[in-house]
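Visitor: Take this structure first; my questions come after.
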Amino acid sequence: MDFPLPFPMSISTDISEIQDWIDNLLNHSGPDPHEYGDLLALVSGLKSQDVPAVRALMMPVLTPETIIGFSFTKPMGYNGDFFIIEKIYQEYVNPDPKYSRWDLFFHQLPAARAVVNRKELAIKVLAELNKRPEYRKDVLVLGSGPAREINEYMASTVNNTLWFDLLDLDQRAITYASNRNKAYKDYLTFHHANVIRFNPSNTYDLIWSAGLFDYFKDKHFVYMIRKYYEYLNPGGMMIIGNFSVSNPSRKIMEVLGDWFLYHRSEEQLLKFSQQAHIPENNAWIMTEPLGINLFLTITKDL
Ligand SMILES: C[S@@+](CC[C@H](N)C(=O)[O-])C[C@H]1O[C@@H](n2cnc3c(N)ncnc32)[C@H](O)[C@@H]1O
């Protein structure tokens, strides 16, 4: 049964009214599409001192049973693990009606759409690289997580000429990704390692990283560009994803998901590239269609 909304949510910042409204949402098992805008407005307008009260009220759904709650409770020990990323790619919805509406709400968030978009972008980049005439092209993926883009690229490719080194710090991510990609194992080598310390024994035509550098401080970001640029082949390309400062889902991810990232502007990313001594003409920004995931793209001259 639906309960009448007590007031137009987008204009209230009074915590007791907010609590009533959230109670109401919880009573009818989460937001309906017509309530999404009000829920987002509520969270956006939330004063920082009211965050604990809202989280406390939301506790019944801030559990691993919902995607936002999985983020909040971090059963893998950290934000952005392979399992939650895979749930976003699969657009997983918990079939239990207590939780389904929260997952449906999560998947329509622009940030979640941008994550799905970045996988599609990766597949396109891989397919383009595969068209190059050399017999073999080498790809390094930093923070490979579920390696879903590799899986979908391989599944859709008839004459593959790409060989992948996939690097992740979490052995559970490697186990999951290698099981999922068993069919393509001849082309894949997994490395259980920290990207900061890893020293590749190969050089690459493409170095791809999405969903990783947003967790690095500026100085580590610059260090990593400089480090991995050395492992690019002449004519090679390095593509590093980072959430944009324009991410409209930032506040809801922080308040309800306790998921914090370093959001960055195009100018900041290009500045990092300059600080890593990459020639100015060799760096530019790509984006996925929503412009929420930016990709610093760096080439090495032939
Ligand atoms: C948000 S996921 C992104 C996964 C994948 N790139 C994607 O876009 O679907 C980030 C991954 O980076 C891994 N990771 C985090 N810090 C790392 C580090 N210092 N070295 C290697 N991997 C790391 C995590 O274990 C996780 O699997």
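Laboratory data are not the source of any read-out in this text; all were calculated from the coordinates shown. Fair warning: this is a prediction, and the values are worked out from it, not measured in the lab. Every residue, glycine among them, receives a Cβ derived from its backbone with ideal geometry; neighbour counts consider all protein chains shown.
Visitor: Between residue 265 and residues 5 or more places away or on another chain, which pairs have amide H atoms under 5 Å apart, with H built 1.01 Å from N, and which residues are they?
Guide: 245
Visitor: Still on this model: Using each residue's phi in region 60-67, evaluate 6.51 cos²θ - 1.76 cosθ + 1.60 at θ = phi - 60° and report the 3J(HN,Hα) Karplus result to the nearest Hz, with x for Gly and Pro.
Guide: x, 10, 8, 10, x, 6, 10, 5
Visitor: A further question follows. Using Cβ contacts closer than 10 Å as the measure, can you line up 21, 163 from fewest to most?
Guide: Ranking 21, 163 by Cβ neighbours within 10 Å, fewest first, gives 163, 21.
Visitor: What is the distance in Å between the Cα centres of region 149-218 and region 78-100?
Guide: Taking the Cα centre of each part, region 149-218 and region 78-100 sit 22 Å apart.
Visitor: Now for a separate question. Please arrange 71, 29, 156, 273 by counting, for each residue, the other beta carbons lying within 10 Å of its beta carbon, fewest first.
Guide: 156, 29, 71, 273
Visitor: Please give the FRET efficiency for residue 267 paired with residue 196, using the beta carbon to beta carbon distance and R0 = 41 Å, rounded to the nearest 0.05.
Guide: Efficiency, rounded to the nearest 0.05: 0.95.
Visitor: Here's something else I'd like to know. PRE reach from residue 51 (point 7 Å along Cα→Cβ): which of region 250-273 fall under 19 Å by backbone N?
Guide: 250-264
Visitor: Across region 276-281, in residue order, what do the Karplus-derived ³J(HN,Hα) couplings come to in whole Hz, using 6.51 cos²θ - 1.76 cosθ + 1.60 with θ = phi - 60° and x for Gly and Pro?
Guide: Karplus values, whole Hz, x for Gly and Pro: 8, 6, 7, x, 3, 6.
Visitor: Here's another thing I want to ask about it. Sequence gap at least 6, Cα distance under 8 Å: using those rules, report the relative contact order of the chain to the nearest whole percent.
Guide: Normalised by residue count, the contact order of the chain is 16 percent.
Visitor: Work out, step by step, the length gained on full extension between residue 44 and residue 282: first 0.36 nm times the residue separation, then minus their alpha carbon distance; give nm to one decimal. Don't skip to the end; give the middle numbers.
Guide: Numbers: separation 238, 0.36 × 238 = 85.68 nm, distance 3.78 nm.
Net length gain for the segment: 81.9 nm.
Visitor: Treating only the Cα positions of region 166-302 as identical point scatterers, give the base-10 log of I(q)/I(0) from the Debye formula at each q in 0.12, 0.14, 0.17, 0.20 Å⁻¹.
Guide: Here the Debye-derived log intensity ratios amount to -0.53, -0.72, -1.03, -1.27.
Visitor: Say a site is exposed when it is one of the trypsin sites (Lys or Arg not before Pro), sits in a DSSP loop, and has at most 13 other Cβ atoms within 10 Å; what is then the longest site-free stretch of the chain?
Guide: Details: sites that count: 47, 136, 197, 217.
In the chain, the maximal stretch lacking such sites is 48-135.
Visitor: What are the principal axis extents of the Cα atoms in region 9-111, in Å, biggest first?
Guide: 37, 27, 23
Visitor: What distance in nm lies between label points placed 7 Å from Cα along the C-beta direction at residue 260 and residue 98?
Guide: Placing both labels 7 Å along Cα→Cβ, they lie 3.0 nm apart.
Visitor: With the Cα gyration tensor of region 113-174 giving a ≥ b ≥ c as the square roots of its eigenvalues, does the rule (a/c under 1.5 for rounded; else a/b larger than b/c for prolate; else oblate) give rounded, prolate or oblate?
Guide: Taking the square roots of the gyration eigenvalues as a ≥ b ≥ c, region 113-174 is oblate.
Visitor: Right, here's the next one. Let me have the 222 nm mean residue ellipticity of the chain computed from DSSP H runs of 4+ only, each contributing -39500 (n - 2.57), with the sum over all residues rounded to the nearest 500.
Guide: One gets -12500 deg cm²/dmol as the mean residue ellipticity at 222 nm.
Visitor: Between region 38-59 and region 60-75, what is the C-alpha centre distance in whole Å?
Guide: If we compute the Cα centre of each part, the gap is 16 Å.
Visitor: For region 39-84, divide the Cα radius of gyration by the Kirkwood radius and give the resulting Rg/Rh value with two decimals.
Guide: 1.02
Visitor: Under a cut-off of 18 Å between alpha-carbon atoms, report the aspartates and glutamates in cross-link reach of residue 131, not counting same-chain residues fewer than 8 places apart.
Guide: In chain and number order, the partners are 120, 149, 152, 205.
Visitor: Can you tell me the FRET efficiency between residue 189 and residue 13 if r is taken as the Cβ-Cβ distance and R0 is 51 Å, rounded to the nearest 0.05?
Guide: It comes to 0.45.
Visitor: How big is the Rg/Rh ratio for region 153-247, C-alpha atoms only, Rh by Kirkwood, two decimals?
Guide: 0.97
Visitor: How are the alpha carbon pair distances in the chain distributed across 10 Å bins from zero to the largest one, expressed in percent?
Guide: Calculated over all Cα pairs of the chain, the distribution is 6, 26, 31, 20, 12, 4, 0 percent.
Visitor: For region 78-181, report the convex hull volume of the alpha-carbon atoms normalised per residue, in Å³, without decimals.
Guide: Numbers: hull volume 11.6 nm³, N = 104.
For region 78-181, the hull spanned by Cα atoms encloses 111 Å³ per residue.
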